[in-house]
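Remarks on the structure that follows.
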Amino acid sequence: MQVLKSIIPIIIIVQNFFTFANPGDSSNQLSNIQDKYFTQCTEEMSDKDNLLVDWYPLEPYQFSHIAKNGHYCVTGLDIELINSISSKISIGVQYADSVWERAISNIGHGDSDMVAGATYTAERADFANFSLPYRFEEISLFTLRSAKKHLSFSNINEFLAQIRLLNFRLGIIKKAVYGDARTTDYLNQVSNNDIIIKYGSNLELFNGLLSNEIDGFLADRISGVALSLNYIKKDQIEEIPTGIKTPVHLMFSKKTVTPNIVARFNDSIKEFVDSDEYKKIVKSYIYHILLPKSIDSEWCYIIGVIGSIAFAISAITISSKTNATLFGTFVLAMLPSLLGCILLDIIIVHHGYNINLVLTPYYTFRVFITVLIGFFTVKLLAYYNKQLYEDSFIQKIWSNTLVICDSLGQASFMIIGVVTVIVQRIEPLEFWGPCFACLTSSAGIILRNLICKHDKNMEYIPREVNFEIFILWGGIFSILLDVYAYNPNYNTIKYSMITVIAGAFVSRFLVHYYNIPNLTFRSDNGSTTVES
């Protein structure tokens, strides 16, 4: 009955997540879009077996990198999706380096067959056919936090009015479409040339922002965030969603590609967007950007600070009982948060962005201050209360404090393991996510308890179910991220993290409250329990 009582709140927490995290986002909206894009051909031609595809630098959708053999190759979300979609209909693709403005011109003149990442417009439909949408894009405004001109808007109409009113120098991409035709036409009006500055790529936009040529720029939020993560001054760049969300298509030249080829691509897209392969590709690229950005966010920073301080308070509780030195207390405070991340770095060879939540001066400084305050506070209390270490009521408070702080710290650091698994593209997520969640949350706790458990004064170190809880919630976090991989966004990631942190903390506290024993080979009272 006690176990059942402890499970019911956990079920309620998981169910409530789907209310808070916009449950409509978990379904694949692409599968519900009908084929409404009319296709035609300007001249008679035969079907091609191979298509020439223009690609342009737009990380993480399209970019080049050096392969293991030392050669440059093209990769990215769009590239992998194109390769998978075309292979299912036995059409080969060959990629040609380009920029967005030239790629549009090549489609119009028939110098290339296809380009990815295009938004449908009536003007483009005069010279190109469009596939069904294969993903969505959301447009955000990127500015500097230190900028003198700040925009505050709730919709696109207010945004357009404010950039004109404040003479806000806005950067955009040449020949790019931003939402509907009205918005794009406004940005391209001759009367706005004094505030609208056009560039050839997102990289040029970022350089223009950092060199104060512009006050801000519009870009796809994923590609914008991907670029900002590569900058040393990334914390100075602010992203403001505009609310513009548009479907993205493959665009085919009417001069070189037949409607039959477009129809075959559409059939392949319809089937592909609902597949696990599609979800895996989207997850590996989009989460690779959104998760590190979420880790860098203010709310996640606060969670990390709370977890670090909680571990520091646990160390003070243990050190006061074992009569440890100030330095020893600081070591015990850093050990739970530090060891798991160090082991993670040893086990995993990082490629690109490195998740580093604790090895920063800010966290270390806060832990050090907490230890100093706690150490001398306990000494002061002991000076005025000579029976402090023998008082049974105080001992019970210390025991409960240790459980609460350990639970909060473990729950906070559990997310690092799962995030690292996704960012480093380690599969299967459902297995490695819980494993590394337990590693980052509990490795330091295990070592700390092994160091302290032989002390005669440490009989109150908890021996209920502990680390299995964080394996469970690490698995739940992995599943939630996998469910929302079709259309990941900040809100689903944020609420997923908050849900699993709260769930793990409440579960650990309930296990302690009901004194649910740990898993052992024998259940007889005389046997020695095996501590996790």
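A few remarks follow.
- Filtering the stretch 450-485 to residues that are at pLDDT 70 or above and out of contact with any helix residue (DSSP H, G or I) (no Cβ under 9 Å at 6 or more places or on another chain) leaves 450, 453.
- Complete set of residues in the stretch 415-445 that are of a type in the set (Gly, Ala, Ser) and either more than 12 Å from residue 287 (Cβ to Cβ) or outside the structural domain of residue 480 (by TED's automatic domain parsing) (or both): 417, 437, 441, 442, 443, 444
- Subset tally (residues that are surrounded by fewer than 19 Cβ atoms within 10 Å (Cβ to Cβ), within 30 Å of residue 122 (Cα to Cα) and among the aliphatic types (A, V, I, L, M)) for the stretch 136-164: 3
Here's the yes/no breakdown for (1) in contact (Cβ under 8 Å) with a residue 12 or more places away in the chain; (2) outside any helix (DSSP H, G or I); (3) under 22 Å from residue 116 (Cα atoms); (4) among the aliphatic types (A, V, I, L, M):
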site: 208; (1), (2), (3), (4): yes, no, no, no
site: 243; (1), (2), (3), (4): yes, yes, no, no
site: 269; (1), (2), (3), (4): yes, no, yes, yes
site: 278; (1), (2), (3), (4): yes, no, yes, no
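Every residue, every condition in (1) out of contact with any helix residue (DSSP H, G or I) (no Cβ under 8 Å at 6 or more places or on another chain); (2) surrounded by fewer than 19 Cβ atoms within 10 Å (Cβ to Cβ), yes or no:
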{"position": "195", "(1), (2)": "no, yes"}
{"position": "200", "(1), (2)": "no, yes"}
{"position": "205", "(1), (2)": "yes, no"}
{"position": "209", "(1), (2)": "yes, no"}
{"position": "216", "(1), (2)": "no, no"}
{"position": "221", "(1), (2)": "yes, no"}
{"position": "231", "(1), (2)": "no, yes"}
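- Qualifying residues in the stretch 245-267 (those that are crowded, with 21+ Cβ neighbours inside 10 Å and touching a helix residue (DSSP H, G or I) at 6+ places or on another chain (Cβ under 8 Å)) - the one nearest to residue 230 (Cα to Cα): 250
- Restricting the stretch 177-187 to residues that are closer than 17 Å to residue 198 by Cβ and out of contact with any strand residue (DSSP E or B) (no Cβ under 8 Å at 6 or more places or on another chain) leaves a set whose member that is surrounded by the fewest Cβ atoms within 10 Å (Cβ to Cβ) is 185.
- Odd one out for residue 488, checked against (1) crowded, with 17+ Cβ neighbours inside 10 Å; (2) at pLDDT below 80; (3) assigned to a helix (DSSP H, G or I): (3)
- Scanning the stretch 94-145 for residues that are under 32 Å from the mean Cα position of the chain (by Cα) and not β-branched (Val, Ile, Thr) yields a count of 27.
- Candidates in the stretch 283-327 are the residues that are in contact (Cβ under 8 Å) with a residue 40 or more places away in the chain and among the charged types (D, E, K, R); of these, the one that is farthest from residue 390 (Cα to Cα) is 283.
- Any chance residue 261 is within 24 Å of residue 335 (Cα to Cα), more than 27 Å from the chain's Cα centre (by Cα), part of a helix (DSSP H, G or I) and at pLDDT 90 or above: no
- The set of residues in the stretch 215-236 that are in a strand (DSSP E or B) and within 17 Å of the chain's Cα centre (by Cα) contains only 220.
- Considering only residues in the stretch 210-241 that are of a type outside the set (Val, Ile, Thr) and touching a Lys or Arg at 6+ places or on another chain (Cβ under 6 Å), the one that is farthest from residue 116 (Cα to Cα) turns out to be 236.
- Among residues of the stretch 152-179, those that are in a loop (DSSP other than H, G, I, E, B) and not basic (Lys, Arg), counted: 11
The values are calculated or read from the model by the stated rules, or taken from the named source; none is laboratory data. Just so we're clear, the structure is a prediction, and the values are computed from it rather than from any experiment. Virtual Cβ from ideal backbone geometry, glycine too; neighbours counted across all protein chains shown.
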